[in-house]
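Please read the structure below before turning to the comments.
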Amino acid sequence: MTVLTYAEKINLAATAIERACGSAEIAVVLGSGLGDYVEALSDVRAIDYKDIPHFPVSTVAGHKGRWYTGTLHGKRVCMMQGRFHAYEGYDLADVTMPIRVMQKLGVKTVILTNAAGGVNLDFHAGDLMLINDFINLSGKNPLTGPNLDEYGARFPDMTYSLDRELQALTLATAGKLGVPLQQGVYCWLNGPTYETPAEIRMTRILGADAVGMSTVPEIIVARHGGTRVLGISCITNMAAGVLDAPLNHAEVMEMGNKVKGTFRTLLDGVIAEL
């Protein structure tokens with residue numbers, strides 16, 4: 001039995017997606033409660049993750065597990081309706097395979113969205129936050145192991161992991177559209193448990209404004225492969241200990257649904273300007 005390399009698996013997945021949906025220049029990864037944004041696409045084609053060779057499958061509520069490609073503001077845009085997480089049991093190579101596939105399909109800019117817990121005490125549930133940097137507290141890195149030389153260098157720089165021109169464009173677009181937009185640092189922890197109040201106090205001391213269980217591996221791999229990255233968090237809840245109340249995923253989904261109109265307005269404006 002032939003054992004495929006990781007690079008061969010990426011190529012097979014990319015080929016299947018291109019045949020089913022075509023290529024794209026912009027990609028959007030849709031986080032918990034934000035998946036309805038695929039409705040913005042026209043001339044749309046889709047494929048289920050389960051039909052993509054060697055592709056992981058979403059197991060989390062709110063991540064429907066489909067890849068869409070269509071036209072938006074005159075641009076070819078692919079959207080992932082759901083992502084993968086290490087806490088689902090996936091290796092980080094699998095978690096970030098979609099980013100490698102995007103790079104194979106010609107994507108130059110990826111917009112990563114997520115649902116996050118608010119750490120900054122000036123934030124409120126329902127805020128949108130432009131991610132301007134990240135902290136990796138997971139103890140993991142998706143580039144661990146043999147380097148994929150065809151994508152990037154062994155030791156990629158993370159100084160500009162989030163593209164500053166894209167950040168400036170997004171802030172300007174939010175201002176023109178009247179969309180309130182916070183800015184801050186996103187901190188990645190493993191999950192699947194929500195953080196403890198003590199852990200949230202720690203992340204605040206370290207400089208985090210929001211916390212979550214995704215996105216950072218995707219940023220790292222996108223940057224490694226030369227893809228421009230824009231990150232936007234939806235603050236769906238205040239993190240543990242900020243309010244005297246337990247956390248649950250249903251509330252995360254509910255808040256994502258409440259803010260999807262504002263979220264869509266902002267993303268539409270940004271993509272139109274790209």
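Observations, loosely collected:
- Count of residues meeting criterion [among the aliphatic types (A, V, I, L, M) and over 19 Å from Thr215 (Cβ atoms)] in segment 58-76: 1
- All positions within segment 23-56 that are surrounded by fewer than 19 Cβ atoms within 10 Å (Cβ to Cβ) and among the β-branched types (Val, Ile, Thr): Val44, Ile47
- Within segment 67-81, residues that are over 14 Å from Leu267 (Cα atoms) and modelled with pLDDT of 95 or more have Cβ atoms under 7 Å from residues that are among the polar types (S, T, N, Q) and crowded, with 23+ Cβ neighbours inside 10 Å in these pairs: Tyr68/Gln81; Arg76/Thr69, counting only partners at least 6 apart in sequence or on another chain.
- Screening the candidates Ser23, Ser58, Ser42 for the property of being on the phi < 0 side of the Ramachandran plot and touching a Leu at 6+ places or on another chain (Cβ under 6 Å) yields one hit, Ser23.
- Condition met for Ala153 (in a loop (DSSP other than H, G, I, E, B), closer than 24 Å to Lys108 by Cβ and aliphatic (A, V, I, L, M)): yes
- So Gly65, is it more than 25 Å from Ala7 (Cα to Cα), touching a helix residue (DSSP H, G or I) at 6+ places or on another chain (Cβ under 9 Å) and of a type outside the set (A, V, I, L, M): no
- Candidate set from segment 95-117 (those that are aliphatic (A, V, I, L, M), within 14 Å of Val221 (Cα to Cα) and not in a helix (DSSP H, G or I)); member that is nearest to the chain's Cα centre (by Cα): Leu112
- Once segment 190-212 is narrowed to residues that are assigned to a loop (DSSP other than H, G, I, E, B) and touching a helix residue (DSSP H, G or I) at 6+ places or on another chain (Cβ under 7 Å), the residue that is surrounded by the most Cβ atoms within 10 Å (Cβ to Cβ) is Gly191.
- Listed by first and then second residue, the pairs linking a residue in segment 216-231 that is at pLDDT 95 or above and crowded, with 24+ Cβ neighbours inside 10 Å to a residue that is part of a strand (DSSP E or B) and among the polar types (S, T, N, Q), with Cβ atoms under 6 Å apart and 6 or more places separating them unless they lie on different chains, are Val216/Asn136.
- Matching residues in segment 68-94 - criterion: being within 11 Å of the chain's Cα centre (by Cα) and either under 15 Å from Asn190 (Cβ atoms) or of a type in the set (Lys, Arg) (or both): Arg83, Phe84, His85
- Qualifying residue in segment 5-22 (condition: assigned to a loop (DSSP other than H, G, I, E, B) and buried (at least 22 other Cβ atoms within 10 Å of the Cβ)): no
- Assessment of segment 168-177 against the conditions (in a helix (DSSP H, G or I), surrounded by fewer than 17 Cβ atoms within 10 Å (Cβ to Cβ), out of contact with any strand residue (DSSP E or B) (no Cβ under 8 Å at 6 or more places or on another chain) and among the basic types (Lys, Arg)) yields at least one matching residue.
- Residue ID - surrounded by the fewest Cβ atoms within 10 Å (Cβ to Cβ), chosen from residues in segment 106-127 that are among the aliphatic types (A, V, I, L, M) and either at pLDDT below 95 or over 22 Å from Glu273 (Cα atoms) (or both): Leu121
The values are calculated or read from the model by the stated rules, or taken from the named source; none is laboratory data. Only a predicted model underlies this, so the values are computations on that prediction, with no experimental measurement involved. Heads up, the Cβs are rebuilt from the backbone with ideal geometry, glycines too, and the neighbour counts pull from every protein chain shown.
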